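Read the structure below first, then the notes.
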Amino acid sequence: MNNIRSKVLQWIVVLILLLLGYVMIYNQSAVLNFKSFFNLVWANKNSRRLSIFQFRKYLADSSIGSLNINFSSSHRNTTLCPIIPPGLVGSITINRDILSYKAIEDKNRELQPGGCYSPSNCTPRHHVAILIPYRDRQSHLKLFLQNIHPFLRKQQLDYGIFVIELVSDVKFNRAMLFNIGFVEALKLHNYNCFIFHDVDLIPENDLNLYTCSERPRHMSVAIDKMKYRLPYNQLFGGVSAMTKEQFETVNGFSNSYFGWGGEDDDMYNRIAHNKMSIIRYSSEVARYKMMSHAKESPNPVRGTLLKDGQKRFKIDGLNSLQYEVLQVTRRKLFTWILVNINEKAVKDAIEAAMKL
């Protein structure tokens, strides 16, 4: 027993020294919230290996965001924001009251047009675009916005929220809307991190950082409707995070998945094909509440598309994206992008490319 205690103390000392060394390298003068850090690192009390892995990943998260810092004139204070945002508490209460857009705006006066925010007291380490594929989920969108904005501001991110809506007479294509959101968001700001987010999921723990790391991260590990258990290890749906470079490396999502299901498994296969692997926070941290909604009709050909997916990785994605932007509006709470897609033209182009 004494030997075990000694080893645990040694690990704690090593972790503290590593963190202090990292802070000194970046000349970070702000006082770090060590309580929040250890809440994150030791979130999974049953696995010391995972805890140490989380520590390494946490530092990698911070370094990714520091690679591309934009010292624009809007940031008068050029001191980097703390590696660990102050004031994070862990488990948080979700506001379940559906407010009007005006009421939500009144509670988020710090926002800039387009649902954008950047801290004024320090220079953010992370430039993050939150991408939301959307259709006919207004109550979900309101609940999401009224909870996510306070959540993200606490993490001291430079962020923007993008709601990409497909016209009603086209079969829904979640993956393609993510691709469109990625391209359109980059036209407006130098984002280096992208969160691919379903509108019906709300985070329950503010230590679940909306940042990117050295590997793609699956964020919605534990969802209440799934009894807070991960259904299978290859799952990459719900909420996920990828850097600009990672997303471009895998050629984005497939554009072939019209209808529900399959596109996330296809993305997992693209990541594996490019010799990357996904990472996750502990299920104690990466927890989400899912809002109730009617079950979508599954895509009847998703199995075939998945089976033949590897043949399309290089020709079906960002480099074959075809769409028409009908309107872009920078609302107070989000940037709304209305688009039209010609399903037949998309499928025909992919089939023609496969024959070359």
Q: Check off (1) open to solvent by 50 Å² or more (accessible area, probe 1.4 Å); (2) assigned to a loop (DSSP other than H, G, I, E, B); (3) farther than 24 Å from L145 by Cβ; (4) touching a residue at least 60 places away in the same chain (Cβ under 8 Å) for K332 and give me the number that stays unchecked.
A: (3)
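Between I315, I337, which is touching a helix residue (DSSP H, G or I) at 6+ places or on another chain (Cβ under 6 Å), open to solvent by 30 Å² or more (accessible area, probe 1.4 Å) and β-branched (V, I, T)? Quick ask: steps written out before the conclusion?
On the way: I337 fails: open to solvent by 30 Å² or more (accessible area, probe 1.4 Å).
Checking each option against the conditions leaves just I315.
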Q) Residue check, Y288 against (1) touching a Ser or Thr at 6+ places or on another chain (Cβ under 6 Å); (2) under 24 Å from A353 (Cα atoms), all met but one. Which one? A) (2)
Q.
Pairs needed: first member in segment 198-224, touching a residue at least 40 places away in the same chain (Cβ under 8 Å); second member anywhere, assigned to a helix (DSSP H, G or I) and β-branched (V, I, T); C-beta distance under 6 Å; at least 6 residues apart or different chains.
A. C212/I64; S213/I64; P216/I271
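Going through L326, L338 one at a time, which residue ends up being more than 25 Å from the chain's Cα centre (by Cα), assigned to a strand (DSSP E or B) and either among the aliphatic types (A, V, I, L, M) or at pLDDT 95 or above (or both)? Lay out the reasoning, then the answer.
Working: L338 fails: more than 25 Å from the chain's Cα centre (by Cα).
Criteria check complete, one pass: L326.
Could you say which residue among L88, L152 is within 19 Å of L207 (Cα to Cα), free of Cβ contacts under 8 Å to residues at least 60 places away in the same chain and open to solvent by less than 40 Å² (accessible area, probe 1.4 Å)? Working first, answer last.
Details: L88 fails: free of Cβ contacts under 8 Å to residues at least 60 places away in the same chain.
On inspection, the qualifying residue turns out to be L152.
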Q) Does I104 meet the test of being under 19 Å from the mean Cα position of the chain (by Cα) and at negative phi? A) no
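Every residue, every condition in (1) in a loop (DSSP other than H, G, I, E, B); (2) open to solvent by less than 60 Å² (accessible area, probe 1.4 Å), yes or no:
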| residue | (1), (2) |
| --- | --- |
| S282 | yes, yes |
| V285 | yes, yes |
| T304 | no, no |
| N319 | no, no |
| I350 | no, yes |
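Return the residue satisfying two criteria in turn: it lies in segment 112-146 and is part of a loop (DSSP other than H, G, I, E, B) and open to solvent by less than 10 Å² (accessible area, probe 1.4 Å), and of such residues it is farthest from M242 (Cα to Cα).
Within segment 112-146, the first condition is being part of a loop (DSSP other than H, G, I, E, B), and the residues that meet it are 113-115, 118-122, 124-126, 135-137.
Filter again for open to solvent by less than 10 Å² (accessible area, probe 1.4 Å), leaving 114-115, 119, 122, 124-125.
On the way: G114: 21, G115: 20, P119: 22, C122: 24, P124: 18, R125: 16 Å.
Here the residue is C122.
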**Q.** Neighbours by Cβ (under 8 Å, 6+ apart or cross-chain): first from segment 115-137, among the basic types (K, R); second assigned to a strand (DSSP E or B)
**A.** R125/L80; R135/E165; R135/L166
Q. In segment 256-280, how many are within 25 Å of R217 (Cβ to Cβ) and either part of a loop (DSSP other than H, G, I, E, B) or β-branched (V, I, T) (or both)?
A. 12
Q: Take segment 165-185 and flag every residue that is under 18 Å from R302 (Cβ atoms), out of contact with any strand residue (DSSP E or B) (no Cβ under 9 Å at 6 or more places or on another chain) and open to solvent by 10 Å² or more (accessible area, probe 1.4 Å).
A: K171
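Any chance you could count how many residues in segment 216-226 are under 17 Å from V285 (Cβ atoms) and either under 14 Å from the mean Cα position of the chain (by Cα) or of a type in the set (K, R) (or both)? Explain how you work it out, then say what you get.
From segment 216-226, those under 17 Å from V285 (Cβ atoms) are 217-224, 226; that's our starting set.
Now narrow it down to the ones that are either under 14 Å from the mean Cα position of the chain (by Cα) or of a type in the set (K, R) (or both): 217-221.
The number of residues fulfilling the criteria is 5.
The values are calculated or read from the model by the stated rules, or taken from the named source; none is laboratory data. Just so it is clear, the model here is predicted, and its values are computed rather than measured. Cβ coordinates were reconstructed from backbone atoms using ideal geometry, including for glycine residues, and neighbour counts include every protein chain displayed. Accessible surface is based on the protein model in full, side chains and every heavy atom, while ligands, DNA and RNA are left aside. Shrake-Rupley method; radii C 1.70, N 1.55, O 1.52, S 1.80 Å.
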